[in-house]
Every structure is written in C-alpha cells, then in structure tokens.
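Here is the structure we will look at, set down as structure tokens.
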C-alpha cells in the first residue's frame, strides 16, 4: 500500500463503476481491505477476475442507464467512476465519445440527484499540459496541445470538463484524479502493461530511444483515489503519478526483476512513426483497428514530467517507487505464462 498511513475508509459506503478494469479492480480491492461497504455495478459480460473472491455486493445492469445507476447509488456516499474506453487507435471516434462522455453524462445525471459526499472521477495524465523542452507541469499549467491530441485525448478532456461542470453547476461533489500509466499485478488484460509483459517474457529485443512517460504503481493509483474521496477538494484535479521514467528504464526494470535479457537495441522514434503509419494504412485497407497507429505513436513520444506535489500536500499521498510495482507485474506475467 502507498504511504506510511493508509487512508481510513472503514465507514465508507462505496459504489465502484468500472470494477472490471485494472484501476477500478484495484480501487475495489483497497476498499475491501480497508473495511468499506463496497458495491460494484457490472455488465453480465464484464470480466471479474480482478475482484473475484472479494466481499462485495454485485449489481448487474447497464452502467449508463440512469435508473439502474440511481438504484446502485442508493444509500452510497462515495462513487468511484473508473469506466473508460482507452482505444486511441480507433478510426471511428464515436465509441470513444459514446463511452467517455455521453455515458458519463448519464451517470452524472443520476449523481446530481443522489446524496453523495464525493464522486471520484478517474481521469488521465493525458489531460494535463506537456512541458516545453521537458519542463515539469502541474494541474494549473494551461493545456497546450489540443491541436495535436487526437480523438482519444479529446474525449477524455471533454469527459473531465463535463464532470467539473456538474460540480460547478449541479452540485455533484466531483474530485478528479489525473492518473498516469499504472503498473502492477494482476493486470489480467495488459494494454498499458504490454511492453512490461513482453520484456519480462524475453520477447522484446528493443526499446525506443529518447522517449518516456509518467508512471505510477497500481496500488498507489488506487490509494490516491481513496485519499481523494476522503481529503480531496470538490472541483479540484490531482495528478496521481509517481515520476517520469524512460522507456529503456521501464523495460530494463521488468527484465531485471525476472532475470530476462534486457532489450538490446535502441530504435529511434522515427522508426516507430514509420511502422505506425504502415500499420494504419494496413488497418485502413483491411477496415480494422490496429493498436499501433500514428496517434498512439504520438502519445508515446509527446510527454513530459509532471508534479504530484498537490496530491502530496492536500491528500497526504506518498507513492512508493514505481520500480517495485513494475517488478511485481513482471513476476506476475511470468508466473501466469508458466501456468498457462
């Protein structure tokens, strides 16, 4: 767990939306470990591997049906909203806006009529500015790359702005957590963790030179959200990210944790851009969405350090070195591969 003093949630009556996802499942695990009364709203088709065995009340239904959500919110005092479509590669952006914005709007409509103490919204580091020449940014740095951000980031920015507008105009007690790239087990459906998984399994001979990203351990991300529920100020954003890590350091950490061979070749970002352009062309010809697109390559490259000082100061958030979480993730991927 993060920090020296875990945040108290034993009296909390929580509803988690998005408990089938990596962050949502970890939030659920932390709540249960802390003695909270936890309810989750799931679709019948949702994966529950991340929360199986936990003492939670499971409700099933459409998480974007206002009546269903209102019923799930009844008698709850905190909602953790962790539903997100992260598919930046989609050629048709409609699903991104349908889930990330319009679905959220229906939930917020229900929240406006509920008697909530906090509505903790899982946002992304991608809605934070990028510092010029590697300068460190924070929550107050004006967003400066809307013209290059693409549909995924546009949908996440619209979602965050929508949530904050409900805080300002309809009294929903929204607190935003701008979570960076989270790592750690179990991560049953690796997406962000794909590079770590491949490095741990010795299947990645290269790293990308000159790029990096903000990172955070999955347990620290969950701890930050629980702290936001108890200590966060309504209408505020909090960067939940431990530090900036190069792509090479990320992969070497994963390989070293399990004794795998480190990625040997550093490829320039220009090669990644070229591969992404070809992949996008192939996807267009086949009418398929391929994860490596020009937009996903841009998001890999266009990053900078960000400060979590506000989260530390106001929430008491003290993240552990993300290397520990990456190592545990690598070990978990290897163990799963052995038992597969």
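Readers should treat all values here as calculations from the given coordinates under stated rules, not as data from a laboratory. What you see is a predicted model, and the numbers here were worked out from it, not measured in a lab. Reconstructed Cβ throughout: ideal geometry from the backbone, glycine too, with neighbour counts over all protein chains shown.
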Legend entry - Förster-model FRET efficiency, 35 Å R0, residue 146 and residue 324, C-beta, rounded to 0.05: 0.50
Legend entry - Extension gain, residue 115 back to residue 168 (0.36 nm per residue minus Cα-Cα distance, nm): 17.5 nm
Inset, instruction - Would you mind ranking 164, 31, 108 so that the residue whose beta carbon has the fewest other beta carbons within 10 Å leads the list? - result: 164, 108, 31
Inset, instruction - Among DSSP beta bridges whose residues both lie in the chain, state the antiparallel percentage, nearest 5. - result: 10 percent
Inset, instruction - Any chance you could give the angle, 0 to 90 degrees and rounded to 10, that helix 150-170 forms with the longest Cα principal axis of the chain? - result: 20 degrees
Inset, instruction - With label points built 7 Å along Cα→Cβ from the Cα atoms of residue 261 and residue 203, find their separation and express it in nm. - result: 1.6 nm
Legend entry - Dimensionless Rg over Rh [the range 239-279; C-alpha; Kirkwood]: 1.10
Legend entry - Distance (nanometres) between label positions extended 7 Å along Cα→Cβ at residue 288 and residue 55: 4.7 nm
Legend entry - Degrees separating the helix 322-339 axis from the principal Cα axis of the chain, which is the longest one: 80 degrees
Legend entry - Label point 7 Å beyond Cα of residue 335 along Cβ direction - residues of the range 162-190 with amide nitrogen under 18 Å: 183-190
Inset, instruction - Give me the Debye-computed log₁₀ of I(q)/I(0) at q = 0.21 Å⁻¹ for the range 195-285, equal point scatterers on Cα only, no solvent, two decimals. - result: -0.99
Inset, instruction - List 64, 97 from most exposed to least, where exposure is judged by having the fewest other Cβ atoms within 10 Å. - result: 97, 64
Inset, instruction - Going by C-beta contacts inside 10 Å, put 166, 60 in order with the fewest on the left. - result: 60, 166
Legend entry - Estimated 222 nm signal from helices in the chain, with DSSP H stretches of n ≥ 4 weighted -39500 (n - 2.57), rounded to 500: -12500 deg cm²/dmol
Inset, instruction - Rounded to the nearest 10 degrees, what's the angle between the helix 22-33 long axis and the longest principal axis of the chain, both from Cα atoms, 0 to 90? - result: 50 degrees
Legend entry - Approximate spin-label separation residue 271-residue 246, in nm, with each point projected 7 Å along Cα-to-Cβ: 1.6 nm
Legend entry - Where only alpha carbons of the chain are counted, the Rg and the Dmax (Å): 19.4, 56
